[in-house]
Amino acid sequence: MTNNNSVSLIRKAIILLTVLIVLVVFLIIFQFTDIAFRVWDRIQHTPPAFIAIYLTIVALIAAIGLGLIWKIWTVGRKRRGQGTTTAEKKRHTLEELQARAAAARAQGVDVSAIEAELAAIEAEPQELELAFFGKISTGKSSLIQTLLPNASVDTSIIGGSTTAIERYHYENNRGLSLTLLDMPGTHQAGADGTLDREVMTAARRVHIVAYVIDQDLTESDIISILRLHAFDKPMLVVLNKTNLYTADELAELKTRIKSRLPDGVNYIACASAYRQKIQRIAADGSATWEEEYRGGDIAPLLQAIAQMTTARGTLTARNREALLSLAHENLNHRLSHYRRERGEALVKNYARKAMLGGVAAVGPGTDILIQGYLGMDMLKHLTRLYDIPARDIDLQTLVEAASSKVKTQLTIILALAGNVCKAFPGIGTVIGGASHAVAYGLIFESLGRATLQALESGSDNINTQHIIQNFEEQLHNELETRAQNLVRLAIGRDKQS
């Protein structure tokens with residue numbers, strides 16, 4: 001009965017509130033209507049010249065106000081949207097990358113290839129590079145052959161003749177000098193995608209990108225074009241083999257292709273020269289067949305290249321920024337690989353030390369993570385490896401939280417460790433206290449792995465709660481296999497130790 005009364009009261013309250021809202025809305029409407037009628041009455045008795053001046057002033061004030069609002073809005077959006085970009089540009093300066101590379105080399109990281117890249121960027125600007133991309137058999141090599149009739153370019157009719165990146169030098173009598181790159185087909189990569197990654201990396205290094213097609217764009221063409229366009233390079237889509245189409249077909253293709261291209265991507269149509277067998281008859285009447293290039297109209301391509309290379313300074317600056325960005329990523333990759341290897345070695349070493357300490361443990365209550373210094377020491381070394389100040393993580397709280405989690409799992413871990421040790425005859429006489437040793441080895445390995453996982457994930461995940469969550473997962477992850485590996489480590493059978 002009480003519940004029904006409560007529901008009834010709530011309904012009455014909602015109805016009353018609705019009525020009040022409607023009344024307030026009507027009052028506001030009446031108020032504005034009254035004001036509007038009074039303004040209209042005054043306008044009827046006001047000189048037109050005064051009204052014109054008044055409306056002009058109101059319009060100016062409104063325009064200035066809207067302009068300020070728009071400026072504040074756009075500046076706020078730029079700051080939110082471009083803050084990361086600005087920071088990235090600061091990180092991608094040559095001087096800072098050189099300093100980071102030097103610091104990495106001092107740590108023991110092999111950065112010779114990256115330092116060579118940075119030295120090349122610091123040197124005089126290189127010759128402009130134009131890379132031809134596209135599927136196999138679209139005529140990339142044939143276009144280069146038409147540009148360089150005396151070059152030895154493999155243009156197999158079967159297609160897919162280019163299996164590695166080939167470089168050619170082009171120069172004309174107007175002073176244009178280019179390095180032309182003939183790229184393997186963008187969909188010619190092996191199952192592991194290695195060749196495709198190499199092709200995409202090359203796209204980031206060149207100044208101009210040309211994507212060659214010989215028919216209407218397919219979905220895979222669109223995907224490749226978007227990937228290349230994302231590198232922010234001057235880009236050209238070339239419809240090749242125009243000799244295969246009528247004028248009406250070319251016009252229709254142009255309309256369809258241009259409508260699907262990203263903004264800023266130019267389109268041209270041309271025809272590369274093609275091989276044709278020619279029969280030559282000698283004076284004695286004998287006949288021989290030879291192949292020679294016929295036809296070809298690449299004037300639109302040459303014109304487009306000439307236009308795109310006029311702003312050499314802009315091309316060089318954009319290319320320099322792209323190379324710095326690539327060097328930054330390569331340096332991060334090298335550092336990540338080095339830290340991962342070094343971190344895993346540190347965890348393995350501390351797991352070994354924990355096992356030695358476990359031998360001396362008098363019982364399950366002798367918790368190395370609390371009473372010893374090994375846990376703190378391991379965490380300090382790992383954070384130092386990743387250039388994370390120890391103060392950014394409350395190491396003492398982390399160790400205590402890990403110890404608390406261990407107490408609830410220690411019985412199970414000890415039982416599992418004991419079962420694993422039974423599979424190794426004579427182990428008790430080798431290291432004694434084997435089950436405690438293996439248990440503490442698993443604990444340290446789990447804590448070390450959890451910390452590494454958080455450090456590799458980035459600064460957002462470097463906190464006690466996240467590391468402990470990883471730690472709990474590690475305490476249930478392949479414990480038996482890991483315990484067996486730790487036993488082998490202890491008795492000297494680990495080939496990697």
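The values are calculated or read from the model by the stated rules, or taken from the named source; none is laboratory data. Nothing here was measured: the structure is a model prediction, and the numbers come from that model. Neighbour counts run over all protein chains shown; Cβ positions are idealised from the backbone, glycine included. Each accessible area value is taken on the protein alone, full model and side chains, heavy atoms only, with ligands, DNA and RNA left out. Shrake-Rupley method; radii C 1.70, N 1.55, O 1.52, S 1.80 Å.
Could you tell me which residue of region 40-54 is modelled with the highest pLDDT, considering only residues that are open to solvent by 100 Å² or more (accessible area, probe 1.4 Å) and not basic (Lys, Arg)? Filtering first and then ranking leaves Ile53.
For region 231-251, a residue qualifies if it is in a loop (DSSP other than H, G, I, E, B) and either aliphatic (A, V, I, L, M) or within 28 Å of Thr310 (Cα to Cα) (or both), and the qualifying residues are Phe231, Asp232, Lys233, Pro234, Asn240, Lys241. The residues of region 257-298 that are modelled with pLDDT under 90, of a type in the set (A, V, I, L, M, F, W, C) and out of contact with any helix residue (DSSP H, G or I) (no Cβ under 7 Å at 6 or more places or on another chain), listed by number, are Ile278, Ile281, Ala282, Ala283, Ala287, Trp289. From the list Leu455, Leu414, the lone residue that is out of contact with any strand residue (DSSP E or B) (no Cβ under 8 Å at 6 or more places or on another chain) and modelled with pLDDT under 80 is Leu414.
A quick yes/no check of all residues on (1) open to solvent by less than 20 Å² (accessible area, probe 1.4 Å); (2) modelled with pLDDT under 90; (3) within 28 Å of the chain's Cα centre (by Cα):
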{"site": "Ser161", "(1), (2), (3)": "no, yes, no"}
{"site": "Asn172", "(1), (2), (3)": "no, yes, no"}
{"site": "Val206", "(1), (2), (3)": "yes, no, yes"}
{"site": "Val209", "(1), (2), (3)": "yes, no, yes"}
{"site": "Leu226", "(1), (2), (3)": "no, no, yes"}
{"site": "Phe231", "(1), (2), (3)": "no, yes, yes"}
{"site": "Met235", "(1), (2), (3)": "yes, no, yes"}
{"site": "Asn243", "(1), (2), (3)": "no, yes, no"}
{"site": "Glu252", "(1), (2), (3)": "no, no, no"}
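With the condition kept exactly as written, say whether any residue in region 60-72 is modelled with pLDDT under 70, closer than 30 Å to Asp232 by Cβ, of a type in the set (Val, Ile, Thr) and out of contact with any Cys (no Cβ under 7 Å at 6 or more places or on another chain). The answer is yes, given that some residue of region 60-72 is modelled with pLDDT under 70, closer than 30 Å to Asp232 by Cβ, of a type in the set (Val, Ile, Thr) and out of contact with any Cys (no Cβ under 7 Å at 6 or more places or on another chain).
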